[in-house]
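Please read the structure below before turning to the comments.
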């Protein structure tokens, strides 16, 4: 079932881009599955980096307010100090998705699971936890698609 249209082979891999005038690369972009992969990859590169950077500047929100008190109690330093560490990890996770989406996607999903746990144990943020559950599902979907479309 090998094809030059960007569809997966029997091994579950998509043929590498190439061919005359990049026809395979162009046909890949016409494949809705590849479009979904590319969109999710872009989102899970940009969002963690943007949210991570914002942990240092608090432009979007005052991030320490989302930290569950029990985590603040056991983490060294202040809640703001903890958010700086969180921001750095989120930036690294976004870079990992850019470099190796088949691994980075699962790192982001695990990170989101941790955020969900934090939010579920901090009364009043259940709506944000539900949103992050949707993001976690998207990160897992990216990981599954990267198993097919990531050539690295």
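The values are calculated or read from the model by the stated rules, or taken from the named source; none is laboratory data. Model, not experiment: these values are computed from the prediction. Heads up, the Cβs are rebuilt from the backbone with ideal geometry, glycines too, and the neighbour counts pull from every protein chain shown.
Is it the case that the stretch 1-24 has a residue that's assigned to a helix (DSSP H, G or I), modelled with pLDDT of 95 or more and exposed (fewer than 13 other Cβ atoms within 10 Å of the Cβ)?
No, the stretch 1-24 contains no residue that is assigned to a helix (DSSP H, G or I), modelled with pLDDT of 95 or more and exposed (fewer than 13 other Cβ atoms within 10 Å of the Cβ).
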* Asked: Residues in the stretch 112-134 that are touching a helix residue (DSSP H, G or I) at 6+ places or on another chain (Cβ under 8 Å) and free of Cβ contacts under 8 Å to residues at least 60 places away in the same chain: how many?
  -> 14
* Conditions: (1) modelled with pLDDT under 95; (2) farther than 18 Å from residue 144 by Cα; (3) assigned to a helix (DSSP H, G or I). Residue 49 meets all but one. Number of the miss? -> (1)
* Asked: Applying the selection to the stretch 121-132, what residues are over 12 Å from the mean Cα position of the chain (by Cα) and part of a helix (DSSP H, G or I)?
  -> 126, 127, 128, 129, 130, 131
* Asked: Does the stretch 103-117 include one or more residues that are within 19 Å of residue 34 (Cβ to Cβ) and buried (at least 16 other Cβ atoms within 10 Å of the Cβ)?
  -> yes
